[in-house]
1. Just one of 35, 5, 73, 54 is at pLDDT 95 or above and in a helix (DSSP H, G or I); which is it?
2. Tell me, which residue of the stretch 76-126 that is in a strand (DSSP E or B) and within 13 Å of the chain's Cα centre (by Cα) is farthest from residue 66 (Cα to Cα)?
3. Would you check which residues across the stretch 108-123 are crowded, with 21+ Cβ neighbours inside 10 Å and touching a Cys at 6+ places or on another chain (Cβ under 9 Å) and list them?
4. Which one is farthest from residue 24 (Cα to Cα) among residues in the stretch 191-206 that are in a helix (DSSP H, G or I) and open to solvent by 50 Å² or more (accessible area, probe 1.4 Å)?
5. How many residues are buried (at least 16 other Cβ atoms within 10 Å of the Cβ) and at pLDDT 95 or above if we restrict to the stretch 207-242?
6. Provide a single number: the residues in the stretch 33-53 that are open to solvent by less than 30 Å² (accessible area, probe 1.4 Å) and β-branched (Val, Ile, Thr).
7. Considering only residues that are open to solvent by 10 Å² or more (accessible area, probe 1.4 Å) and either of a type in the set (A, V, I, L, M) or under 19 Å from residue 14 (Cβ atoms) (or both), which ones fall in the stretch 70-97?
8. Can you name every residue in the stretch 93-115 that is in contact with a His (Cβ under 8 Å, 6 or more places away or on another chain) and within 13 Å of residue 78 (Cβ to Cβ)?
Amino acid sequence: MRIRVINPNTTAAMTAVIDECARSVAAPGTRIESVTSSMGPASIESHYDEALSVPGLLAEIARGEAEGADGYVVACFGDPGLYAARELARGPVIGIAEAAMHTASHLGRGFSVVTTLARTVGQATDLTERYGMQRFCLGIHATDIPVLELEDPKVRTSIADACRAAVTADGSDAIVLGCAGMADLCDYLTDETGVPVVDGVAAATLSVQSLVTLGLRKSGRGEFATPLPKHYTGLLSDFGTA
C-alpha cells in the first residue's frame, strides 16, 4: 500500500515533522511517501494562501496517480483543495481536519480546537459545519503563533497553556490540534492537559490506510467523478484535463 502525504505549503522542515507522524502509525507494508508542494506559499494562514496552495496540491495528486499511489492525506488543517483532489484521485483522499474532528468525536461528548492565528478561526468554524461537527466542537482557540514559528521548541509551553485553557473554558473531553506543524506535540500535550490530543496527520493516515485495506475507493460518479475534459491557459496550462 502506498499513501502519499502531501504538505500543501512549500516548507520542507514541516514536511519532515508530518512524515514522522504519518510513519509512526503506518502498518507494516504501508509505504508513506511524504512530499512538499513545489509551488505555493511557505505557510497557509489565510484564504489567499489557501487558494494559491491548491494548484501545487493537485499537481502532487496527479503525480501520485501516475505513480500508483493508493490514497492521499492532505496535510494542512484547512483541508485546501480536498474536493478537487477527490475528483482527480481513484483512491481515498482525506484531509487532516476532517480526520481529526471525526476521531475526536469518538472520544467524548465534545472537543476543542487549538490552532495558530486568530484570523483562521472562521475557516476552522466553516470546516466544523462542512463535516457536521458543530455538535461536538465546543470551541476554537487561537494561540496567535504563526505557522513557521511552530518549529521553535519555546512555543510548546504557550500551546500547552492554550490547550489547558480550552479544556477549562469549554469543558471539552479532547483537543484537536489545528495545524499540521503541531503534529509532533500530541504526547507532550496529552500529558500536560490530561485529555486525549488528536493530531490530524496520524488520524488521516490511519483513515486512508483503513479504507484501502477494506478495498474501498472514492465513488466515480456524480460530483467526485473525474473532471470534464477542458483546456486551461496561462500559468495553469499544465492543469488541463483534455
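The values are calculated or read from the model by the stated rules, or taken from the named source; none is laboratory data. Small disclaimer: the values here were computed from a predicted structure and weren't measured. Positions of Cβ are generated from backbone atoms using ideal geometry, with glycine treated the same way; all protein chains shown enter the neighbour counts. Areas reflect the complete protein model, heavy atoms only, side chains present, ligands, DNA and RNA absent. Shrake-Rupley method; radii C 1.70, N 1.55, O 1.52, S 1.80 Å.
1. Just a single option satisfies the conditions, and that option is 54.
2. That would be 115.
3. Hits for the stretch 108-123 are 111, 112, 113, 114, 115, 116, 120.
4. Selected residue: 192.
5. Qualifying residue count for the region: 5.
6. 2
7. Those that are open to solvent by 10 Å² or more (accessible area, probe 1.4 Å) and either of a type in the set (A, V, I, L, M) or under 19 Å from residue 14 (Cβ atoms) (or both): 76, 77, 78, 81, 84, 88, 94.
8. Hits for the stretch 93-115 are 113, 115.
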